[in-house]
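Enquirer: Shown below is the structure under consideration.
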Amino acid sequence: MTTLNVNGKNYTVTADPGTPLLWVIRDVIGLTGTKYGCGIEVCGACTIWIDGSPERSCEMTIAEGVGVKITTVEGLSPTSSHPIQKAWVAEQVPQCGYCQSGQIMVAASMIAGGHKPTDAQITAGMGNLCVCGTYNRIRAAIHLAAGG
Amino acid sequence: MNDVTPNAGLSRRGFVSTTAAIGGGLMVGVGVPAIGRAAITSKTVTAWVSIASDETVTILVGSQDMGQGVLSSLAQIVAEELRIDWTHVKSQHAPPNAIYDNPIYGSQLTAGSGSVRGYFQGLLQAGATAREMLIAAGAAVLKVAATDCVGQNGFVVSKSLGTSISYGKVAAAAAKLTPPANPPLYSANGYTLVGQSVKRPDIPSKVNGSAIFGIDVRVPGMRYGAVKLCPVNGGTVKTMGAAPAGVTYINVGTGIVAVLDARPGANTFSAFTAANAAKVTWNLPAGSASQNSTTILAQGRALLTSGSAIVAETAGNVAKAQGSAAKVVDATYTLPYLAHATMEPLNCTASVTSTGCEIWAPTQAPGTCQLTASAITGFAPASIIVHPVLLGGGLGRKFEQDYIAYAVAASKAVGAPVKVTWQREQDFAHDQYRPLGVCRVTGGLDASGNLISWAYRNVSPGILFQRGWVPDGVLDSQASEGATDITYSIPNRQVDWVRHPAAIPVGFWRSVGNSINAFAKESAIDELALAAGIDPLVFRQKLLAGNARSLNVLNTAAALGNWNAALPAGHARGIAYHESFGSLVAVVVELMLSGKGVKIINVAAAVDCGLVVNPDTGAQQVEGAIVHGMSAALWGKMSFAQGVSQVVNFDQYPMTRMGNMPTVQVSLIQTPGAALGGLGEVGVPCVAPAIANAYARLTGTRLRDLPLFPGTGITGGG
């Protein structure tokens, strides 16, 4: 039994040893917004926040999730009102949408604290894979959310 | 998005007895209340439309959403004729039923860039039929003649009295009326919704984690499963060891499914671990030792001359014309196998009980899933419930049935609902790949630089042949598409195909044969232009002379991509033109050298698809196709050693990332009255040749083998 704090709520979970945090979040806790894409930390679909910093959760151990604040896309805002979420809708970013939870978690951290990322910072920071190719809309949405 | 669809419980007999063809596909009198909205009553006016008392209009969409925006575009078509306020529209995926078949296929397939093309006319009629029935019911209440009424923003309005009544109030009465046989349609000039970039209804759920993709399905009592398939494609299970406590192995022929018992803490990863630990020995298919990519490619080159060619198209006398040519360009192009690599790995949830079967699957072919499940369970296809869920990308892979069959077989074996999820490694290693291709083009120019002869040979495995859908010796249309019926005016030409016998399974990859043939054709056209000393744009203009629509597309792309503008030192532009799925496309790429590869600076695309229902989702499709085409052109390659995939995850399969992105410009061109063209795939084919053509102009080196710059992509991300 392990206690995890996810989106401000404590969950006491039982999971097979060695289960990555991603699968505890998805299957044990039941928050399915965080996605499985590669399992080897190269696609970014599983991105969550650990104490506010984006991390890929597919190879993260349960132990690494203990004693920290975990935030998933479901916890970004109660009403889809985070500036990044609003900008994602305004720019009509998603196509299939599968990678977008991960993209959003990286992007939201990028504008935290009123930061206005430059194009170069967006290019360097937004490393997640999107097979639908929504990158230019992602870039536009980050600028929009950051206020220009 | 995972709501039970309102019509899911309706019997097929109910549909069939009251329905005809798609356009007249009405369900009059078979009112089906929506489920789970207790306070609101809802009435199904036609099979496509139900209207609730709160004026919400639910429109059913026959295609599946895999990112292309059908929940808006198809619903817009119905709503156009229905004359309703778009903000009242709720669109939902239709359940599998013949009434929702795409007329292009006679099946409910989401494929071939065919959603708007296939459904357009029928959905206009469906909307108009419902509107006329609502008008008739409303006129009776308003005590005026139906001819005095129009549908307007969700109201039946009397023109003479100015009185009105809402659709919601008359929907129940309307549903009892006999549908009109030929409801009048608005002219395209009067469209208010078709042609508008209404927002996609699926997007809010895709920014907060609530969108339910196949992989997210959770049903009561569900157990977790994972596949372990024979590493050699085409192999089968020889022996499997005893499963450990808490795990059941199911032999599905090509491999096993490991299913976990229901217990606290069980999860998908535990199922992966159980599948990986399974001790399985394999029967390898004959000839697997020779299934090496390099061997297959060399064999393809040899088949250019030794193979038995099936003629796809011929005109004039190629040999004679080539003999008289002042210059001949003879070039051979090669393309590798490619994986679909959808972001969402394959998965399917199935529940087989003693009385029936339900499936939750990200699928492009729900009707085919019924047939697959029927064959395994013995239940009648129509009785099998396929719940629509979102697809995290389809790209042609989720048309296939292997992952459906494995889940159904697993659930049947363990007697409980099972979600079978594929590890990424299984997804890459057990794809139905874009075929490898070897294409030779021999073009002859006369002394004035006119293209007078064109011999085109494609050597590639047959997608349809491998499935037994066409016999040996018969042309495989998927192999020749994009090589035949080209618009370029070439008096003497022969196009043929040699079937490559390689057993690596091949399938329908975004744009299918077009992605192969456009690369060879448009590269060769460029080589011929350069050999003739003619600007590649001008050379194509000459070949398209007299075809105003094609020229407009070509010239629009040239203008958008600044074809004739001066370039910075070290930059070059390339151009390509190709028609597929009824659409005309031209692309101009600007690039520069970067490291051992290139940096794509800008991609300008002009697309004429006849009529655009939703310009923004249309543009999205072209933008995405360009990115997809870049990944394939620059780095995409699957390789095999003795039948075993050597690429099993994204770290070995670079795809375009933010750091690779060019600016992208898309111009959607409409041609009133033209047949509708598709949009989902049509942006792919031109990208690879336009890049190769730009590179050749920049460096003088012609790259004829894809991928162009293997090993130079970004794989790890940030």
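Readers should treat all values here as calculations from the given coordinates under stated rules, not as data from a laboratory. Keep in mind it's a predicted model, so treat the numbers as computed, not measured. Cβ: placed from backbone, ideal geometry, glycine included. Neighbour counts: every protein chain shown.
Enquirer: What nm distance separates the two modelled labels at A:Glu59 and B:Lys159, each placed 7 Å from Cα along Cα→Cβ?
Expert: Label at A:Glu59, label at B:Lys159, 7.0 nm between them.
Enquirer: Would you list which aspartates and glutamates come within 17 Å of B:Lys412, measuring only between C-alpha atoms, while excluding same-chain residues fewer than 8 positions from it?
Expert: B:Asp261, B:Glu358, B:Asp402
Enquirer: Same structure, new question: Restricting to bridges with both residues inside the range B:385-500, how much of the DSSP beta-bridge set is antiparallel, in percent to the nearest 5?
Expert: Looking only at bridges with both residues in the range B:385-500, the antiparallel portion is about 50 percent.
Enquirer: If you average the sequence gap of Cα pairs under 8 Å that are 6 or more apart and divide by the length of the range B:367-467, what percent do you get for the contact order?
Expert: About 18 percent, as a whole number.
Enquirer: Tell me the net charge near A:Gly18. Cut-off is 13 Å between Cβ atoms, A:Gly18 excluded, with +1 for each Lys or Arg and -1 for each Asp or Glu.
Expert: Overall, the nearby charge balance is -3.
Enquirer: Right, here's the next one. Counting other beta carbons within 10 Å of each residue's own, what order do B:Ser73, B:Ser53, B:Ser448 fall into, fewest first?
Expert: Ordered from fewest to most neighbouring Cβ atoms within 10 Å, B:Ser73, B:Ser53, B:Ser448 come out as B:Ser448, B:Ser53, B:Ser73.
Enquirer: Using 19 Å as the Cα-Cα cut-off, could you pick out the over-long pairs in B:Lys206/B:Lys637; B:Lys228/B:Lys419; A:Lys9/A:Lys116; A:Lys35/B:Lys419?
Expert: With Cα atoms farther than 19 Å apart: B:Lys206/B:Lys637; A:Lys9/A:Lys116.
Enquirer: Multiply the residue separation of B:Thr281 and B:Ala262 by 0.36 nm, subtract the distance between their alpha-carbon atoms, and state the gained length in nm to one decimal.
Expert: Going from the current span to full extension adds 4.1 nm.
Enquirer: Using Cα pairs closer than 8 Å and at least 6 residues apart in sequence, work out the relative contact order for chain B, in percent.
Expert: It comes to 13 percent, rounded to a whole number.
Enquirer: Separation between the A:Thr14 and B:Thr239 pseudo-spin-labels, each 7 Å from Cα along Cα→Cβ, expressed in nm?
Expert: For A:Thr14 paired with B:Thr239, the spin-label model returns 3.6 nm.
Enquirer: Treating only the Cβ of Lys, Arg, Asp and Glu as charged (+1, +1, -1, -1), what charge dipole size does chain B show about its Cα centre? Round to the nearest 20 debye.
Expert: 600 debye
Enquirer: What is the order of A:Glu59, B:Glu344, fewest Cβ neighbours within 10 Å to most?
Expert: A:Glu59, B:Glu344
Enquirer: How much FRET efficiency would the formula 1/(1 + (r/R0)^6) give for B:Ala98 and B:Leu304, where r is the Cβ-Cβ distance and R0 is 41 Å, rounded to 0.05?
Expert: Efficiency, from the Cβ-Cβ distance: 0.40.
Enquirer: Could you give the semi-axes, largest first, of the ellipsoid that matches the protein assembly as shown, computed as the square roots of 5 times the alpha carbon gyration tensor eigenvalues and rounded to whole Å?
Expert: Equivalent-ellipsoid dimensions as semi-axes: 41, 36, 28 Å.
Enquirer: On to the next question. I need the phi-derived Karplus couplings for the range B:133-143: 6.51 cos²θ - 1.76 cosθ + 1.60, θ = phi - 60°, integer Hz, Gly and Pro marked x.
Expert: Working through the residues one at a time gives 5, 5, 5, 4, 5, x, 4, 5, 5, 6, 6 Hz.
Enquirer: Which one, A:Ser77, A:Ser101, A:Ser57, has the greatest fluctuation when you compute a Gaussian network model over chain A with C-alpha springs under 10 angstrom?
Expert: With Cα springs under 10 Å in chain A, the top fluctuation among A:Ser77, A:Ser101, A:Ser57 is at A:Ser77.
Enquirer: Name the residue farthest towards the positive end of the dipole of the protein assembly as shown from the options B:Gly356, B:Val207, B:Leu134, assuming +1 on Cβ of Lys and Arg, -1 on Cβ of Asp and Glu, about the Cα centre.
Expert: B:Gly356
Enquirer: Please arrange B:Tyr433, B:Tyr577 by how many other C-beta atoms lie within 10 Å of their C-beta, fewest to most.
Expert: B:Tyr433, B:Tyr577
Enquirer: Something else: Expressed in nm to one decimal, what extension gain is obtained for the pair B:Ala146 and B:Arg218 from 0.36 nm per residue of sequence separation less their Cα-Cα distance?
Expert: Result: 21.0 nm gained on full extension.
Enquirer: Okay, next question. Once the dipole of the range B:359-455 is set up with Lys and Arg at +1 and Asp and Glu at -1 on Cβ about the Cα centre, which of B:Ala365, B:Ala380, B:Ala429 lies farthest towards its positive end?
Expert: Going by the charge dipole, the pick is B:Ala380.
Enquirer: How big is the range B:582-695 by the Kirkwood estimate over distinct Cα pairs, in Å?
Expert: After inverting the pairwise mean of 1/r, the radius is 15.2 Å.
Enquirer: With unit charges on the beta carbon (Lys/Arg positive, Asp/Glu negative), name the residue among B:Ser411, B:Gly316, B:Gly392 whose Cα is farthest towards the positive pole of the charge dipole of the range B:315-419.
Expert: Selected residue: B:Gly316.
Enquirer: To the nearest 0.05, how large is the calculated FRET efficiency for B:Asp651 and B:Ala447 if R₀ is 56 Å and r is the Cβ-Cβ distance?
Expert: In this case the efficiency is close to 0.60.
Enquirer: How long are the semi-axes of the ellipsoid equivalent to chain B, from square roots of 5 times the Cα gyration tensor eigenvalues, in whole Å, largest first?
Expert: Semi-axes, largest first: 44, 36, 21 Å.
Enquirer: On to the next question. Work out the length of the dipole vector of the range B:66-190 about its Cα centre, built from +1 on the beta-carbon of each Lys and Arg and -1 on the beta-carbon of each Asp and Glu, and round it to the nearest 20 debye.
Expert: In total the dipole reaches around 240 debye.
Enquirer: From the Cα gyration tensor of the range B:304-423, with a ≥ b ≥ c the square roots of its eigenvalues, which class applies: rounded if a/c is under 1.5, or else prolate if a/b is larger than b/c, or else oblate?
Expert: Prolate, because a/c is 1.5 or more and a/b exceeds b/c.
Enquirer: If you keep only loop residues by DSSP, which trypsin sites (Lys or Arg not before Pro) in the range B:409-514 have at most 15 other Cβ atoms within 10 Å of their Cβ?
Expert: Here the sparse-neighbourhood loop sites are B:Arg467.
Enquirer: On to the next question. Suppose each label sits 7 Å from its Cα in the direction of the beta carbon; what would the B:Thr314-B:Ala380 distance come out to in nanometres?
Expert: Placing both labels 7 Å beyond Cα along the Cβ direction yields 5.1 nm.
Enquirer: Treating the beta-carbon of each Lys and Arg as +1 and of each Asp and Glu as -1, no other charges, what is the dipole magnitude of the range B:572-688 about its Cα centre, to the nearest 20 debye?
Expert: 420 debye
Enquirer: With a Förster radius of 25 Å, plug the Cβ-Cβ distance of A:Lys116 and A:Thr79 into 1/(1 + (r/R0)^6) and report the FRET value to the nearest 0.05.
Expert: Efficiency, rounded to the nearest 0.05: 0.55.
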